[in-house]
Amino acid sequence: MLNKEKTLDLSIFILIFFFLLFYFAPKLIFLDTITTGGDTGSHFYTAKYLNDYLIPNFKISGWCMGNIAGFPMLQYYFPFPFIIISILSLIFPLTIAFKIVSILGIFLLPVSTYFFFKALNQKFPVPIIGAVFSLPFLFMEGNTMWGGNIPSTLSGEFCFSISFALAVFWLGSIYETIAKNKGIIKCAVILALVGICHGYSVLYVGFASSFFLFTTESFNRNLKILFKIHFTAFLLLSFWLIPLLAFLPYTTRFNILWFFFSIKHFFSEALPKVVYPYVLGTIIVLLLIPLIKRKSIYKPFFYIIFLSMMGIILYGLGYKIGLVDIRFLPFFQFFIIIGSAFVLSLFILPYSIKLLSSLLFVFLTFLWIDSHSTFIEGWIKTNYNGFENTKLWESYSAVNKFLQGTINDARIVYEHSDKNSKAGTIRAFEAIPLFSGRPTLEGVYIQASLSVPFIFYIQSEISQTSSMPLPEKIYSRVNIHRAIEHLKLLNVSHFIAIEEKTKEALSKMSEFKLACSYPPYDVFELRTNSNSYAEVLKYKPLLVSKDKWNDLSYKWFRLSDMSVILVFDDNPEKYDINSFNINEFYDMENLPKEIIDESIYIKDLKVFIKNEEILIQEAPIGKPLLIKVSYHPNWKVKGAKKIYLASPSFMLIFPDSKDVKLYYGKTWPDYVGKALTLITILIIALFSFYNPMTEVISPFFIILDRYGTKILVIFIISFIIFLTVFLFKFAPESPLISYNKGVNEFSKNNYNLAEKYFKYVINRHKYSQIADQAQYHLAMCFFRQNDWNKALLYLNDLFKIYPETRRYAEALYHIGFCYLKIDDKDKAKDIFTKIINECENEVWAKYADERLKEMSNE
């Protein structure tokens, strides 16, 4: 019987893989092209950089100059999948190795699900049915970026897919380890692999393992096991995790709140039709299991329900604790689907019925999925045909060939546009370093560099439509004139434009000249750029405290003329202190300017950029030199006393030698992390590991044996109190919540209540993405009530605080209208004329012209 069951399981797995291969055709996977689609097109450069530079230099992570003004590659993203790619590249071309790993999580998930049920001690056919039922999860099309399913994987979340599959396997392994009290090292190693593939999966399984502390039996034993596994996994990951945690202050915060506006919206995205039968199956089991009371499935089934609910709980808490909340929802989706695999276990059935039912479930699932799949097959073909087979490949490659150079050349900026999707992905030009060798501003790892907020602000200035990925940052309307100084600050020499409106604007500016045209792309050269990564400052830098430096620097970038650089430091070197301007009272739009000896500008200054080095010759001794590369504590210098963090996010030095070398090295987190990992591996290899560890921490476990339950109760109560206080008093609330409430009340003409919500957004989230929108709507509350003076007050504040507002023309029009209503016709006329001159292509220019005609007819 066992052989028959194993044979049937194997046969069904072959059917599952053939079903997946029907979509992921081997001829596409083994086509020697560079994968594209969503973020995927940007990840290939990572694989190549690891393979060509980092690994030959015995590194897993290191500095990369290619994107986001420089960042530590694979320090804030997950290296293990890319290491597998590099290993596979010994057999296959790197392009094919990348493709194989990019689908690895998809093919692993049915296998992991099978062994998950096996570890829960479930008999045939539950494990193999569970494997089959993982397919509806994979083929969900309700969302394309949450992670785990095929559309998310195709959008670039393949590291999450691999981690997700490993997490499912680990959740089975921990269940078995707790039950049998063995396999601790295996669980620790798998958990470490989960973590080094994706952080959200390891966070989820860490919280999900608390299930074993809520069971009635063996609390103290379970706590010991969990402690050993989690602690050992942490030590194994320390080489990568400790530097990541230590340098978090030098990353860009990124967390979003995913809204569901209605129950219908939730079901359309989180539980689309393709999963209905399986969710229904889980509900049937949930209803019947208390009546049947079969012990063999009772605890395993409620383990799955707990795992599903943990996904919902963490989704609810995600934004509040600074995480991307939607990353946890796939765990809810997955477990609420595979819970239906228990349906046949509810009843005692003959083997023949189980056999026929299993085969029936397989074929019905295949047919059901295929009938509900709409775009997945097309996406797969587009992704794996590669960049080389896209509609715009000829023009795209021609642009890259024209711009060909090295990382020593000035950076390239490009216009964000949906039209870039025809080149394979809307983010196609993030791969400029791959195809041209030159650095570009944008990049896929938007948490990895301090420069990211400033780069995406520039994107909003130069693009007709911008992505605005950081909710807590305000962005600009299109303003290429203002962008020029920003581009020069970031050493940008070329601008790739795609929208006709942008091309027309650039062609009229003397600062730009058309360098080449490969429709739909026009490449413009910024004539006034210095093309240097180092700049001798004309004015003394202003020394300010590090406290809230990022907000201050962003304000400086938005409002100042940037001629005076801010340096953020609380303990400047005594050698350099006289080189700073120290002024506690300053206006960001009128910073104090103290000229340094103008004769210090050295035209022979030479700068050479390498992957992890910056070499400077003929440096001005004792004078401030701005290095236009992202700051990070691992940068070190020879030829200067210290590296300072300077606005916007760069490095500043005072050379004490004409020859200066900055290099990306290691600091204590790197050494401590590697030492802990190495020691842990040695202990595991040389000892049974836990005998010496148990002796060291045995007093801790003795206390647990005596007082474990009481400690848990006290901990839970304390945690609930802390969490409640944190969530209601200190945790951030998305400005969108209050803003949407305000707009809702505004639309109902409840202006007093709307005013309250808009003021909350302005006061609590003054520089968020929608702060200027809240300020505008606040003014409109009074405008709608014919309180022209108050409306004017708040509209003028809008331009004072948010001069870059995207409601520029609209707000100007309402200012002119207010002046008209208070009978100040001269000012009204000036405002309406300004709108016509500056915003001729907007509807508000038409309205302004109508008002002027009305005034002239009076």
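Shape of the range 364-516 from its Cα gyration tensor (a ≥ b ≥ c, root eigenvalues): rounded if a/c is under 1.5, otherwise prolate when a/b > b/c, or oblate?
prolate
Around Leu678, with a cut-off of 15 angstrom between Cβ atoms, what is the net charge of the other residues, counting Lys and Arg +1 and Asp and Glu -1?
Net charge in that neighbourhood comes out at +1.
Distance in nm between label sites at Asn531 and Tyr586, each 7 Å beyond Cα in the beta-carbon direction?
Label at Asn531, label at Tyr586, 3.2 nm between them.
Quick check: with the 1.4 Å probe, what order do Leu344, Leu21 take by accessible area, largest first?
Leu21, Leu344
I need the trypsin sites (Lys or Arg not before Pro) found in the range 282-378, filtered to DSSP loop residues with at most 10 other beta carbons within 10 Å of theirs.
Here the sparse-neighbourhood loop sites are Lys293.
What is the calculated FRET efficiency for Asn837 to Asn857, with r their C-beta to C-beta distance and R₀ = 22 Å, to the nearest 0.05?
That gives a FRET efficiency of 0.55.
Determine the sum of side-chain charges near Val444: Lys and Arg each +1, Asp and Glu each -1, restricted to other residues whose C-beta is under 10 angstrom from that of Val444.
Its environment carries a net charge of -2.
List, in order, the whole-Hz ³J(HN,Hα) value for each residue of the range 328-339 obtained from phi through the Karplus relation with A = 6.51, B = -1.76, C = 1.60 and θ = phi - 60°; use x for Gly and Pro.
8, 5, x, 5, 4, 4, 4, 6, 6, 7, 6, x
HN-Hα J couplings of the range 139-153 from phi, Karplus 6.51/-1.76/1.60, θ = phi - 60°, integer Hz, Gly and Pro as x?
9, 4, 10, x, 9, 10, 8, 6, x, x, 7, 5, x, 5, 5
Report which label in (i) 36.3; (ii) 30.1; (iii) 31.6 holds the value of Kirkwood radius over Cα pairs in Å derived from the coordinates of this structure.
Only one listed value fits the structure, namely (ii).
Nearest 0.05, what FRET efficiency do Asn763 and Phe18 give at R0 = 51 Å with Cβ-Cβ as r?
0.30
Please state the shape class of the range 199-355: rounded when a/c is under 1.5, otherwise prolate if a/b exceeds b/c and oblate if not, all from the C-alpha gyration tensor.
In terms of gyration-tensor shape, oblate.
So how much slack lies between Phe207 and Tyr539, counting 0.36 nm per residue of separation and subtracting their Cα-Cα distance, in nm?
114.3 nm
Exactly which chymotrypsin sites (Phe, Trp or Tyr not before Pro) in the range 48-125 are in a DSSP loop and have at most 10 other Cβ atoms within 10 Å?
For chymotrypsin sites (Phe, Trp or Tyr not before Pro) across the range 48-125 that sit outside H, G, I, E and B with at most 10 neighbouring Cβ atoms in 10 Å, the list reads Phe58.
Helix 690-725 versus the longest principal axis of the chain: what is the Cα-based angle in degrees, 0 to 90, to the nearest 10?
Once rounded, the angle reads 60 degrees.
Along the Cα-to-C-beta direction of Asn121, a point sits 7 Å from the Cα; which residues of the range 329-344 have their amide N less than 12 Å from that point?
Nothing falls inside the zone, counting backbone N under 12 Å.
Once every DSSP H run of n ≥ 4 in the chain is given -39500 (n - 2.57) and the sum is divided by its residues, what mean residue ellipticity at 222 nm do you get, rounded to the nearest 500 deg cm²/dmol?
Calculated mean residue ellipticity at 222 nm is -17500 deg cm²/dmol.
Looking at the P(r) of the range 740-858, how many percent of alpha-carbon pairs lie beyond 24 Å?
26 percent
For Lys748, give me every one of the lysines with a C-alpha distance below 19 angstrom, ignoring sequence neighbours fewer than eight places off in its own chain.
Lys756, Lys759
Just subtract the alpha-carbon distance of Lys593 and His481 from 0.36 nm times their residue separation and send over the number in nm, one decimal.
Here the answer is 38.0 nm.
Pop out the ³J(HN,Hα) list for the range 489-495 in order, Karplus 6.51 cos²θ - 1.76 cosθ + 1.60 with θ = phi - 60°, rounded to Hz; leave Gly and Pro as x.
Once θ is set to phi - 60°, the couplings for the range 489-495 become 4, 9, 6, 9, 10, 9, 10 Hz.
Do any of Lys320/Lys422; Lys593/Lys642; Lys501/Lys628; Lys27/Lys419; Lys642/Lys800 go past 26 Å between their Cα atoms, and which?
Lys320/Lys422; Lys501/Lys628; Lys27/Lys419; Lys642/Lys800
Would you pull out the residues with amide H under 5 Å of Tyr521's amide H, same chain only if 5 or more places away, H placed 1.01 Å from N?
none
What distance in nm separates the simple spin-label points at Ser373 and Glu850, each placed 7 Å from Cα in the Cβ direction?
According to this spin-label approximation, the distance is 5.3 nm.
Pairing the Cα long axis of helix 808-821 with the longest principal axis of the chain, what angle in degrees results, from 0 to 90 and rounded to the nearest 10?
Roughly 60 degrees, rounded to the nearest 10.
Magnitude of the Cβ-charge dipole of the range 31-163, K/R +1 and D/E -1, about the Cα centre, nearest 20 debye?
So the dipole magnitude of the range 31-163 works out to roughly 340 debye.
Filter the GluC sites (Glu not before Pro) in the range 566-667 down to the DSSP loop ones having no more than 11 other Cβ atoms within 10 Å, then list what survives.
Those that pass, being in a loop and sparsely packed, are Glu584.
Setting aside same-chain residues fewer than 8 positions from Lys473, which lysines have a Cα under 16 Å from its Cα?
Lys473 reaches Lys548, Lys555, Lys766.
Please determine, in degrees from 0 to 90 and to the nearest 10, the orientation of helix 751-764 with respect to the longest principal axis defined by the Cα atoms of the chain, where the helix direction is its Cα long axis.
90 degrees
Run the quick spin-label model on Ala675 and Tyr351: label points 7 Å from Cα toward the beta carbon, then report their separation in nm to one decimal.
So the label points at Ala675 and Tyr351 sit 6.0 nm apart.
The values are calculated or read from the model by the stated rules, or taken from the named source; none is laboratory data. In this text, all values refer to a predicted model and were calculated from it rather than measured experimentally. Cβ coordinates were reconstructed from backbone atoms using ideal geometry, including for glycine residues, and neighbour counts include every protein chain displayed. Protein only, heavy atoms only, side chains kept; ligands, DNA and RNA dropped before computing areas. Shrake-Rupley method; radii C 1.70, N 1.55, O 1.52, S 1.80 Å.
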